């Protein structure tokens, strides 16, 4: 594997797991920062990232997961926070790399942090003939869903072409079927299965749910992936 070049000015993404369920991280914060200085092969200084309008302090965390894109791959490694450094008006975090670099193809890594409004229907649309006004329909090119009294609102906190992290007050739990209806650069209606649930840190919602897409149209899956690629490249070039 060719060693990645990590250098000053490079944009990086930092994944912080703050909760787990059944051994799987669920409550994950995704932060963005910029490399300020590369001291040696294992130590970097990064701009202290912000979260919800304030600096995010890594105190108390054993390790975080840092990743950064190249043209064809994502490289990632685990790092340990070793304190802050002041440089003029900047507050920097010193991070010590504690694992080897891991390379993955771009498609395997696209789970995009986001905040996308969605409607949540606690059933699969394709199994409920009363859920749409038009029939027949091509799944993934939705007709107009009829939102009955059981539907609720929510937000997607991250999105991939295979699933999402959903926060909602919908009365759902692990194993339940549901349908999400949201808009990115096109309208998406997708059926999901709830894999895990955890209390939401957002006071406006009761739960966060990790969901896996099911019965998704191949063309829709590809369009979601292309959207994720485009958004990631926008972030990289900012």
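Each value in this text was obtained by applying a stated rule to the coordinates, not by laboratory testing. Predicted model only: the values in this text are computed from it and were never measured. Virtual Cβ from ideal backbone geometry, glycine too; neighbours counted across all protein chains shown.
Given their separation in residues at 0.36 nm each and the Cα-Cα distance between them, residue 176 and residue 32 gain 48.5 nm when the chain is fully extended. Counting 0.36 nm for each residue step from residue 127 to residue 67 and taking away their Cα separation leaves a gain of 17.6 nm.
A Förster radius of 41 Å, combined with the Cβ-Cβ distance separating residue 117 from residue 86, puts the computed FRET efficiency at roughly 0.55. With the simple spin-label model, which puts each label point 7 Å out from Cα in the Cβ direction, the residue 42 to residue 225 separation comes to 3.7 nm.
Applying a 10 Å radius around every beta-carbon, put 166-173, 88-95, 205-212, 194-201 in order of their mean neighbour count, most first.
Working: 166-173: 19.1, 88-95: 15.2, 205-212: 20.8, 194-201: 17.2.
Ranking the peptides 166-173, 88-95, 205-212, 194-201 by packing returns 205-212, 166-173, 194-201, 88-95.
Counting neighbouring Cβ atoms within 10 Å and putting the fewest first, the residues 115, 233 line up as 115, 233.
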